[in-house]
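Take a look at the structure below.
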Amino acid sequence: MCGIVGYVGPQQAAEVVLGGLSRLEYRGYDSAGIAVADATRIDVRRSVGKLANLTALVHRQPLAGTSGIGHTRWATHGGVTEANAHPHLDARGEIVVIQNGIVENYLALKAGLQSRGHVFSSQTDTEVIARLVGEAYEQTGTLEGAVRQALTQLRGGNAVVVMARREPGRIVAARLGNAGGVVIGVGAGEMFVASDVPAILDHTRRVMFLEDRELAVIEAAGARLTTIEGAPVTRQPMSIPWDPVSAERGDFKHFMQKEIFEQPRALTDVLRGRIDIDGGRIVLDELTLDDDALRRIERVCIVGCGTAWHAGLVARYVIEALARVRVDVEYGSEFRYREALLGADTLMLVITQSGETVDTLAAMEAARAAGVPSAALVNAVGSQAARLADAGAIYLHAGPEIGVASTKAFTTMLVAAYLLALRLAAVRGTIGDIAMRQHIQALIELPGHVARLLETPQIYLDLAERYHTVASALFLGRQVNYPIALEGALKLKEISYIHAEGYPAGELKHGPIALIDRNVPVVCIAVRDAVYEKMLSNIEQVQARGGHVIAIATAGDDHLRRTVEHVIELPETLPLLTPVLASIPMQLLAYAIAVRRGADVDQPRNLAKSVTVE
């Protein structure tokens, strides 16, 4: 993840900003930078590696000024270099910008800027924002106006923070979409801005959160909020209890709710540093296996537990379809107690949020004893799974997931597995350049699609009101979306305590159809793909027996709108990426029903976040 910190007030900004960035180190990053402004100039310091490197640089080359912004970066556009680290300046050195998110149309914007004579000093999409703001500043004459004008040209989810040399003591911050949060801290004669609350808790408990398409002009005396279009926004600061765990929940009712809504940002972050857009390739530097070793892999053995096992099932479809490698998926608790066959051409891939799941670790130990390399898709940095993964640990960068029911870790698992599949496909020559660029573009668009899915909460409240008293529910899917049916059922049962089962829809007539009556809602993933017509047949079978269908459909499916009682539409994407989008309604539905039933959403009975015992 990326961290943002800004400060305006009487203190020396560098010390405040660096201190705030240190509170966000848990997010992960590969470079860091800071900019400090006074009445005559903007000074920038940047370095690669740990924040300590930047701190040492600032000690050697001090920064004087009482307004400043800082950033920790995971590389997306361009490699890990000082030139690509944030902050970025405009052509005249008058404007400085940091951002979280991805500018989806940056190539087109960059080409337009280059045609107007701009020469770029980095490979980043953030420099495009700086150049756009710089151009607009010469036209509008104000930083606020320039930022507004520039933002209208961006496509994607972004949190943007900007300073101008000619307007010392002022920071403009804005939020587009849900790929990056913006928190404004209110102090006594000083103000703060950050990507998350922990960065500023040492200074203030009073905060405001920017919503989508809102902008703030921040000065030491306070902040003025408007929409991007300029309409005034009135918002009173809220007081955060001095409790780091509660503070991280912000203004959400539960951690699970917060983590669901963090998914656009989490999905952006899992892609950071792993997509070379210009080169049309996937970069997984964490893998220790070279290309020759990857080509020799003829079998991938995936091991996981619970939600991670469901992610492994999706990964099987994706890896086999793209890389044409045989994949087996194992429960960790079963794998460790049977004599599994692991050959020299096998790669073990473990999937785990915590990196401490005992059954998964046992599988890794078995692989090591058999001389088989293991890689890990893992969220917790420095966890045991990450240390045992001799073929490399691919971090999810989802950030701390406190709710027991996994949400953002699950969807980042899916995307990380997709990246691995594309990497294997490229090495093995099973995917061409044109197809690779199509997959990369679809991945770039994914966080924005998820953000749009989070904009319609009312449908889930209505469904919860209707179905919160049912005793049982069924979830049906086919092919790559069958595991999402399993995951949807798991989410509902673990936090609402309603019995739920997930099935491959083709198995409906082999037993589960006996359960269907007017008291059993049936969630059907019926997106437009190769098995769409088969799913329509399954839906008809459910309706013929009085079952209530909740259909997860592709946007614009008029047939399902006419024939099914409840329809939740997904943005159109590549078929192999639909599981990521289909997961969001599953999470929101389970959450809404659990809340309506009065259940303890974050800490469901008998469950723990990290399963470290058998």
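Key figures for this structure:
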{"item": "Val358 paired with Glu339, simple spin-label distance in nm, labels 7 Å along Cα-to-beta-carbon", "result": "2.6"}
{"item": "Candidates per chymotrypsin sites (Phe, Trp or Tyr not before Pro) in the range 360-463, loop by DSSP, up to 16 other Cβ within 10 Å", "result": "none"}
{"item": "Positive-end extreme of charge dipole, the range 18-101 - chosen from Ala64, Thr76, Gly49 (charges on Cβ)", "result": "Gly49"}
{"item": "Computed FRET value (nearest 0.05) for Thr430 with Thr469, which takes r as the C-beta separation and R₀ as 45 Å", "result": "0.35"}
{"item": "Where labels lie 7 Å past Cα in the beta-carbon direction, separation of Met238 and Ala514 in nm", "result": "4.9"}
{"item": "Distance between modelled label sites at Glu15 and Glu138, nm, 7 Å Cα→Cβ extension", "result": "3.9"}
{"item": "In degrees, nearest ten, helix 307-323 long axis to first principal axis of the chain (Cα)", "result": "90"}
{"item": "Residue-span extension gain [Lys534 to His499] - 0.36 nm each, minus C-alpha spacing", "result": "10.0 nm"}
{"item": "Dipole magnitude of the chain, debye to nearest 20 (Cβ charges: Lys/Arg +1, Asp/Glu -1, about Cα centre)", "result": "300"}
{"item": "Whole-Hz couplings from phi, Karplus 6.51/-1.76/1.60, listed for the range 571-587; x for Gly and Pro", "result": "x, 6, 8, 5, x, 6, 9, 4, x, 5, 5, 5, 5, 5, x, 4, 5"}
{"item": "Across Lys408/Lys491; Lys408/Lys509; Lys110/Lys408, pairs whose alpha-carbon gap is larger than 24 Å", "result": "Lys408/Lys509; Lys110/Lys408"}
{"item": "Near-label residues of the range 508-529 by backbone N, under 11 Å of a point 7 Å along Cα→Cβ of Ala321", "result": "529"}
{"item": "Over the chain: helical MRE at 222 nm, DSSP H runs n ≥ 4 each giving -39500 (n - 2.57), nearest 500", "result": "-11000 deg cm²/dmol"}
{"item": "Prolate/oblate/rounded call for the range 347-493, Cα gyration tensor, a/c under 1.5 rounded", "result": "oblate"}
{"item": "Under Karplus coefficients 6.51, -1.76 and 1.60, residue-wise ³J(HN,Hα) of the range 72-85 in Hz, glycine/proline x", "result": "10, 10, 9, 5, 10, 9, x, x, 7, 9, 4, 5, 8, 5"}
{"item": "Average accessible surface area per residue within the chain, 1.4 Å rolling probe, Å²", "result": "37"}
{"item": "Modelled FRET efficiency - R0 25 Å, Ala111 with Thr227, Cβ distances, 0.05 increments", "result": "0.30"}
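The values are calculated or read from the model by the stated rules, or taken from the named source; none is laboratory data. The structure displayed is predicted, hence computed values, not measured ones. When we count neighbours, we look across all protein chains shown, and the Cβ atoms used for this are built from the backbone with ideal geometry, even at glycine. These accessible areas exclude ligands, DNA and RNA; they are computed on the full protein's heavy atoms, side chains included. Shrake-Rupley method; radii C 1.70, N 1.55, O 1.52, S 1.80 Å.
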